[in-house]
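The values are calculated or read from the model by the stated rules, or taken from the named source; none is laboratory data. Note that this is a predicted model, so its numbers are computed, not measured. Positions of Cβ are generated from backbone atoms using ideal geometry, with glycine treated the same way; all protein chains shown enter the neighbour counts.
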């Protein structure tokens with residue numbers, strides 16, 4: 001069998017504007033998200049969540065619920 005089962009999703013480059021938490025609006029230090037922030041792709045859009053918001057909603061994040069539900 002030489003057929004492909006799926007194609008990898010190509011996301012665009014990182015946004016040029018500074019990153020902020022999609023939940024509370026906290027700006028990322030230095031304009032880029034630190035490794036402790038969570039990145040989620042919802043409806044083709046990349047969203048970042050700060051440490052506090054990610055910690056408060058970890059079960060919903062791990063359950064892959066859209067952020068609109070939590």
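Numbers below:
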{"quantity": "Per-region count, segment 48-70, residues touching a strand residue (DSSP E or B) at 6+ places or on another chain (Cβ under 7 Å) and under 15 Å from residue 36 (Cβ atoms)", "calculated": "6"}
{"quantity": "Residues of segment 1-31 classified as part of a loop (DSSP other than H, G, I, E, B), modelled with pLDDT under 95 and out of contact with any strand residue (DSSP E or B) (no Cβ under 9 Å at 6 or more places or on another chain), total", "calculated": "12"}
{"quantity": "Any hit, segment 32-47, residues being modelled with pLDDT under 90, surrounded by 12 or more Cβ atoms within 10 Å (Cβ to Cβ), in contact with a strand residue (DSSP E or B) (Cβ under 9 Å, 6 or more places away or on another chain) and in a loop (DSSP other than H, G, I, E, B)", "calculated": "no"}
